[in-house]
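The block underneath contains the structure these notes are about, expressed in structure tokens.
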Amino acid sequence: MKRITTLYAALAVLALVPWFLGNRYVFHIATMITIMTPMAFSMGLMLKLGQLSIAQPAFMGIGAYAAALLSMQLGLPTPAALLCGGLIGGLMALATGPVFLRIKGVYFVLLTYAFGEVIFLIFQEWTSLTGGMSGLYGIPKLSLFGFRLAQTYHYYVLGLVFTVLCFLVLRGIEKSNIGAIIEALNEDEMLSRSIGSNAIAWRVAAYTLSGFIAGISGGIYAFYIGFLSPDPFGFRGSVDLIVINTIGGTGSILGPLLGAIVVVPLPELLREARQYQLLIYGVCLMASIIFIKQGLVSLGRRRGGKA
Amino acid sequence: MIEQMIVNGLLAGLIYVIMALGFTMIFGIMRIVNFAHGEFYMIGAVVVFILAGSFGWPFFLAVLCGGLAAGLLGVVIERALFRRLVSEEMPSMIMSLAVAIILQSTVLIVFGPAEQSVNRPFSGVWTLGRAVVPWDRTVVALGALVVLAGFYAFLKLSRLGLAMRAVAQDPETSSLMGVEAGLVYSAAFGMSCLLAGLAGGLMAPIYTVGPYMGELPMLKAFVVVILGGLGSVPGAMLGGLLLGLSESVLSTQFSSGIALIASFLMVLLIVVVRPAGLMGRIAR
Amino acid sequence: MTRVLDVQGLTKRFGGLTAVSDISFSVEKGEIFGIIGPNGAGKTTLFNVIAGHYKPTAGRVAFAGIDITAHSSDEIGRRGIARTFQAVHLFKQETVRENLRRAEVIARLNHPFALFSKSKPNGEVELEDVARFVGLGALLDVVAGGLAYGHQKILGIGMAMMVSPKLILMDEPAAGLNPSEKREASTLVRRLRDERGISILIVEHDMPLVMNICDRILVVNQGKRICLGTPDVIKADEKVIDAYLGENYEFA
């Protein structure tokens, strides 16, 4: 119990670091962490159900383009556009879930991979709407209650709030009866179903939530960067999320959080040696599969008992 | 027009078949979805670029060396990294992602990000009916046919080929019958990478050579294998030609982007309706 | 309406193989009904069709007058039919208490929308009551995977009870148990009916046990019905003895 309190305190201090350093670049990295952490949560949520979904960046992209286009083309107020982006992400998951989630294991991975590619290609090919590979420019800044979020640190705070919110909600779910139901489904689906658990409905619910979270992350990203191209929403994006979840560990909600804090700054820190960042990335991933099957979280657990 | 589309489709399809065969074989035998498959294609091409392009070796010798280099590397990687993960579908898949990243970045570090081109060893065109066929593509197609024939003979005639088919069909019984699984795993992985390397080598003069060149063929192999059924050799053949043809038609009529979207929509449909693919049996 | 389960003309074919052929029977309220047959007779297929794992090729299954023929296993579970497994299915890492609690939670919150409905939780009291009833009251805090095999099977029955079922389908409850565990299991099955009013359908290999506790028995062989009746009728039936010839069965 004490160990976990220390960890939360350390995380809280860590969240304040950008202000101590006061550097705009540090704020940028920190903001990217707060955007990628909910993304990693959304993949981790599906992993808890035993399903590796490669489609999460696609949902992020759907949220990003939806938020940007709704505010640019239809003149929707930016917070409403952000929310709509999340809802559309969730709805896409809700619509595809009942079909996709009947499939399990490798085939589910391949299915979501194909789905992700289709969405990615649509971003790329539908140039009249998305600008295609040359990108979508001129996305307005987010305005909340008449306050225009123009600075990097504004988005950091926004991302931080959303991350903490996701953390609390998912942590709450994990600790509640729903967490037990989901764990039971993953552990023994036949038994769960014999007691009446509606496996598909629970999976679809989790998938919808994961799509919503990814959609909101995408919206925040769109308003923060102010420019969208299909690139971050392709297979590369999924690999990043897999790396984060593998290195952080999937046993607990803390896993993706720690994973994102470690992994997201990596390419930025290695900026001078750009060609080496991929290599280090790959080696880390490989090492984490070989040496720490349960990820970073399990390291703490092994030494300190149950986290 | 139709003849041209069919010729183009078959020319592309043959390479897809070779890529897909190796990919599907590793899944059939080791239950590993190898996301690094495209990188072995890339390595074959890079070796051809060095040997034929820089040292002026004969093209086919360079292709053979490219294939062997990819195959050997495959054997080493299988033994060092994948052996411990046989039949563990998720961890092995993530491991293959790691391997893909490492191979890509290594080539990136050594060669830089620039796309290089290899001089075409053949040029000119000939006509088949009303279709125009470039000589270099013809040579690639012939090379692909030789590779396919060789692979088929290996699978049907050699003892190792027989052992591989046996393990793919029923690992437990085969091990009871004295088939040494370890050897079969090495052979299968090596063979699969050899095929990818040969395909990459053959294609090196057609497209440019660079660290990321394996991604698209990997994507195609993936589509083919789902269409034909994961783990099915006849399925890979049928799926490869089918994808080549459908792409050729769709990209002529619409655009290559539409063709790619259509192929992934096909994948979605197949996985949902018939997960075992067109020719596959439901794996137990 | 005293029929709890009504099976009419049930047939299941796999390709060319007919595993279950035109089987009809019904389970009355408060009855312990047994299905027996030699190995490969189609008992397990029959069980799986009723439990919703296979869709039948022909025929219908009704529960309390409602057609449940093509329902999935979880729909059947929600209707009030619980089941136990031949090979134990438990949450082995968790304690007995947590297993029972989970069963209750899963049954109550069987669908995400159930979160918004106000059904009353049956809570800890019933959990401990069930644990005492099946004889695991003293083992509530033991991890399920560490229980003796017999106790694991009994915990399976306890979990089925947490669903408050009207009918429990039992798939070979005696398989893997030693003689004293078998006696305990038999007693428990009877008490379930006598004290809780739960009807029970047993598919079992163990002839003496079935003869001992069942009110009526259906004998199947090669997917077909051989005989149906009370244990006395079964014991006297020529065809049953023929079906088991060479299997060295002793009729208790």
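The values are calculated or read from the model by the stated rules, or taken from the named source; none is laboratory data. Just so we're clear, the structure is a prediction, and the values are computed from it rather than from any experiment. FYI the Cβ positions are ideal-geometry reconstructions off the backbone, even for glycines, and counts take in every protein chain you see. Surface accessibility is based on the protein's heavy atoms, side chains included, excluding ligands, DNA and RNA. Shrake-Rupley method; radii C 1.70, N 1.55, O 1.52, S 1.80 Å.
Can you tell me what share of the DSSP beta bridges in the protein assembly as shown is antiparallel? A percent to the nearest 5 is fine.
65 percent
For peptide A:234-246, what's the mean number of Cβ atoms from other chains within 10 Å of each residue's Cβ?
Per residue, the average neighbour count from other chains is 2.
Which Cα, out of B:127, B:46, B:141, lies furthest along the positive dipole direction of region B:2-213 (beta carbon charges, K/R +1, D/E -1)?
Towards the positive end, the residue furthest out is B:127.
What shape does region A:167-216 take by its C-alpha gyration tensor, where a ≥ b ≥ c are the square roots of the eigenvalues and a/c under 1.5 counts as rounded, a/b above b/c as prolate, and the rest as oblate?
Oblate, because a/c is 1.5 or more while a/b does not exceed b/c.
So, taking all protein chains as they sit and a 1.4 Å probe, how much accessible area belongs to residue C:214, in Å² rounded to tens?
Spelled out: residue C:214, probe radius 1.4 Å, area about 10 Å².
What's the local net charge at residue B:103, with K and R +1, D and E -1, over the other residues with C-beta under 14 Å away?
Around residue B:103, the charge tally is -3.
Long-range amide H contacts for residue B:57: which residues qualify at under 5 Å (H placed 1.01 Å from N, peptide plane, sequence gap of 5 or more or a different chain)?
So residue B:57 has HN proximity to B:52.
May I ask which of B:156/C:55; A:48/C:12; B:220/C:55; C:12/C:166; A:48/C:153; C:166/C:235 have a Cα-Cα span longer than 31 Å here?
Those over the limit are B:156/C:55; A:48/C:12; B:220/C:55.
With a 1.4 Å probe and all protein chains kept in place, how much accessible area does residue C:143 have, in Å² rounded to the nearest 10?
Answer for residue C:143: close to 70 Å² accessible.
Which is farthest toward the positive dipole end of the protein assembly as shown among B:64, A:249, B:267, measuring Cα position about the Cα centre, with Cβ charges +1 (Lys, Arg) and -1 (Asp, Glu)?
A:249
With Cβ to Cβ distances under 15 Å as the rule, what net charge do the other residues near residue A:184 carry (K, R +1; D, E -1)?
So the environment of residue A:184 carries a net charge of 0.
Over the C-alpha atoms of region A:33-126, what are the Rg and the largest Cα-to-Cα span, Dmax, in Å?
13.9, 42
Top to bottom by accessible area (1.4 Å), largest first, where do B:207, C:244 land?
Highest to lowest solvent-accessible surface, that is B:207, C:244.
Would you mind classifying region B:11-58 by shape? Square roots of the alpha carbon gyration tensor eigenvalues, ordered a ≥ b ≥ c; an a/c under 1.5 is rounded, otherwise it is prolate if a/b is larger than b/c and oblate if not.
prolate
First select every other residue whose beta carbon is under 14 angstrom from the beta carbon of residue C:81; then total the charges, Lys and Arg +1, Asp and Glu -1.
+2
Quick one: accessible surface of residue C:187, probe radius 1.4 Å, all protein chains present, in square angstrom to the nearest 10.
Roll a 1.4 Å probe over it and residue C:187 shows about 70 Å².
Quick one: Karplus J couplings for region B:219-226, per residue in order, coefficients 6.51, -1.76, 1.60, θ = phi - 60°, nearest Hz, x for Gly and Pro?
Running phi through 6.51 cos²θ - 1.76 cosθ + 1.60 with θ = phi - 60° gives 4, 5, 4, 4, 4, 4, 5, 5 Hz.
Within a 10 angstrom radius of each residue's Cβ in B:83-95, how many Cβ atoms of other chains show up on average? Whole number is fine.
Per-residue shielding by partner chains comes out at 3.
Can you tell me the order of A:204-217, A:106-119 when each peptide is scored by its average per-residue count of other Cβ atoms within 10 angstrom, highest first? Walk me through the numbers before you get to the answer.
Values: A:204-217: 26.9, A:106-119: 23.2.
Taking the mean over residues of other Cβ atoms within 10 Å, the ranking is A:204-217, A:106-119.
Could you tell me the relative contact order of region A:25-232? Use alpha-carbon pairs under 8 Å, at least six residues apart, and round to a whole percent. Walk me through the numbers before you get to the answer.
Numbers: 327 pairs, mean separation 93.4, N = 208.
It rounds to 45 percent for region A:25-232.
For chain B, which longest stretch is free of loop sites, where a loop site is one of the GluC sites (Glu not before Pro) that DSSP puts outside H, G, I, E and B and that has at most 13 other Cβ atoms within 10 Å?
Counting at most 13 other Cβ atoms within 10 Å as exposed, the longest clean stretch of chain B is B:1-114.
How much length would be gained if the chain were fully extended between residue B:154 and residue B:76, taking 0.36 nm per residue of separation minus their Cα-Cα distance, in nm to one decimal?
Result for the pair: 26.0 nm of gain on full extension.
On average, how many beta carbons from a partner chain sit within 10 Å of the beta carbon of a residue in B:252-261?
Other-chain Cβ atoms within 10 Å of each residue's Cβ, averaged: 3.
Can you list residues from other chains, or at least 5 along the same chain, whose modelled amide H is less than 5 Å from the amide H of residue B:209?
B:116, B:117, B:118
Is the C-alpha gyration tensor of region C:1-105 telling us rounded, prolate or oblate? Criteria: a/c under 1.5 is rounded; beyond that, a/b larger than b/c is prolate, otherwise oblate.
In terms of gyration-tensor shape, prolate.
From the Cα trace of the protein assembly as shown, what convex hull volume per residue do you get, rounded to a whole Å³?
Spelled out: Cα convex hull of the protein assembly as shown, divided by residues, is 199 Å³.
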